[in-house]
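Engineer: Just passing along the structure, written as C-alpha cells.
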Amino acid sequence: LLVPLLFGIIFYGGTVQAGELGSVIWSGTVGETAMGYVIPVSSPSARVTRLVNSINAKRREKYQTLARKHNTPLQKVKSVVGKRLKQRAPEVAYVQDSSGSWYRK
C-alpha cells in the first residue's frame with residue numbers, strides 16, 4: 001500500500017544521489033536496515049557519512065508525511081518500507097536483520 005508510492009524517493013533520496021548510494025551499497029560500505037534507513041556497515045568516510053545523513057533525512061521526512069497522511073504509526077511505516085527496501089536491495093547488498101546483525105543477500 002505505502003511502498004509503491006515512495007520507493008524511488010525513499011530508496012535513492014533523489015536522482016542526484018542515486019548513483020552515489022548505489023555505489024556505496026554495491027561496495028558494501030552502506031547497508032539497508034530493518035527500519036528503512038541506510039547506515040554504514042564499516043567505518044565511513046566523511047563523504048559517505050554526509051550521503052547517509054542526507055538520504056536518511058529525506059526518508060525520515062517522507063515516512064512522517066506518510067504516517068500522518070494514512071493515520072498510521074510511524075514505526076509501522078518504517079517497518080513496512082524497511083522490509084521492502086531490503087527485499088529490493090541488490091544481491092550484493094548488506095542488509096540488517098531485526099536483531100542488528102548484518103548479512104549479504
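Engineer: Can we say Arg88 is open to solvent by 40 Å² or more (accessible area, probe 1.4 Å), in contact (Cβ under 8 Å) with a residue 12 or more places away in the chain and closer than 18 Å to Ser23 by Cα?
Structural biologist: Considered against the rule, which asks whether it is open to solvent by 40 Å² or more (accessible area, probe 1.4 Å), in contact (Cβ under 8 Å) with a residue 12 or more places away in the chain and closer than 18 Å to Ser23 by Cα, Arg88 comes out as yes.
Engineer: Going by the structure shown, is Val77 open to solvent by less than 50 Å² (accessible area, probe 1.4 Å), in contact with a Phe, Trp or Tyr (Cβ under 8 Å, 6 or more places away or on another chain) and in contact (Cβ under 8 Å) with a residue 12 or more places away in the chain?
Structural biologist: Numbers: open to solvent by less than 50 Å² (accessible area, probe 1.4 Å): yes; in contact with a Phe, Trp or Tyr (Cβ under 8 Å, 6 or more places away or on another chain): yes; in contact (Cβ under 8 Å) with a residue 12 or more places away in the chain: yes.
When the stated conditions are applied, Val77 passes them.
Engineer: Answer yes if at least one residue in segment 20-28 is in contact with a Gly (Cβ under 9 Å, 6 or more places away or on another chain), without any contact (Cβ under 8 Å) to a residue 24 or more places away in the chain and open to solvent by 60 Å² or more (accessible area, probe 1.4 Å), and no otherwise.
Structural biologist: no
The values are calculated or read from the model by the stated rules, or taken from the named source; none is laboratory data. None of these values were measured; they are calculated from a predicted model. Virtual Cβ from ideal backbone geometry, glycine too; neighbours counted across all protein chains shown. Ligands, DNA and RNA are stripped out before the accessible areas are found, and what is left, the full protein with its side chains, is counted by its heavy atoms. Shrake-Rupley method; radii C 1.70, N 1.55, O 1.52, S 1.80 Å.
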